[in-house]
Amino acid sequence: MTGTITFSDITVGGDSPAVLSLSITDALGPQMAAVRIVEIMERTSDLDNFKAVCIRDDISDPEIYAETVRVVSTVWDGGMILESRNPASLLTASALIGNLPLITGCDCTSLSELGSITGCPVAFRSADISDL
């Protein structure tokens, strides 16, 4: 890989060292997600390459997702990856974070538009490479 992507002061790709990220689901609810991130921080405190958390929108409720992102961002000061299949959830949640998060999860067209609107870097994914 020769290209790089930067989000929340983290550079991935190129000659940059590998970055470790763990996921948190919004199905825990905002308060339990904050408790979970504290547990993750305690268990990974000696890992220099643990720099990001991914907050997944598993229950597909934009309000709960945004509140989960908001609450977690008060505890976590590292990089954030926002993952949702719902563009509205990503748009709302990305506006709540000071450092630009990496956004992913929805279709390529919506992600491209969200990246343009928010200025956030995007990560595309697909089960079919021709879709990319």
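The values are calculated or read from the model by the stated rules, or taken from the named source; none is laboratory data. The structure presented is a predicted model; accordingly, all values stated were derived computationally and were not measured. Every residue, glycine as well, gets a Cβ built from its backbone with ideal geometry; the counts of neighbours run over all protein chains shown. The area values use the complete protein model at the heavy-atom level, side chains included, leaving out ligands, DNA and RNA. Shrake-Rupley method; radii C 1.70, N 1.55, O 1.52, S 1.80 Å.
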Per the 1.4 Å probe, what fraction of the accessible area of the chain, in percent, lies on carbon and sulfur atoms? 52
Express the C-alpha Rg of the range 66-132 as a ratio against the empirical globular expectation 2.2 N^0.38 Å, rounded to two decimals. 1.10
Computed magnitude of the charge dipole of the range 62-132 (debye, nearest 20; Cβ of K, R +1, Cβ of D, E -1): 120
What the Cα atoms of the range 1-66 span along the principal axes, largest first and in whole Å, is 37, 27, 16
By how many nm would the segment from residue 124 to residue 40 grow when fully extended, if each residue of separation counts as 0.36 nm and the alpha-carbon distance is taken off? 27.6 nm
Between residue 20 and residue 47, what is the spin-label point distance in nm, taking each point 7 Å from the Cα along the Cα→C-beta axis? 0.3
If you count only protein heavy atoms with a 1.4 Å probe, what accessible area per residue comes out for the chain, rounded to a whole Å²? 55
Residue with peak Gaussian network fluctuation, the chain [Cα springs, cutoff 10 Å], from 68, 104, 118: 118
Between residue 54 and residues 5 or more places away or on another chain, the pairs with built amide H atoms under 5 Å apart involve 22, 23, 24, 81
In the full protein assembly as shown, how much of residue 57 is accessible to a 1.4 Å probe, in Å² to the nearest 10? 10
Give the dimensionless ratio obtained when the Cα radius of gyration of the chain is divided by 2.2 N^0.38 Å. 1.02
Which value, in Å² and to the nearest 10, is the accessible area of residue 32 when all protein chains are kept and the probe is 1.4 Å? 100
Using a simple charge model, +1 on the beta-carbon of Lys and Arg, -1 on the beta-carbon of Asp and Glu, nothing else, what dipole does the range 5-132 show about its Cα centre, in debye to the nearest 20? 80
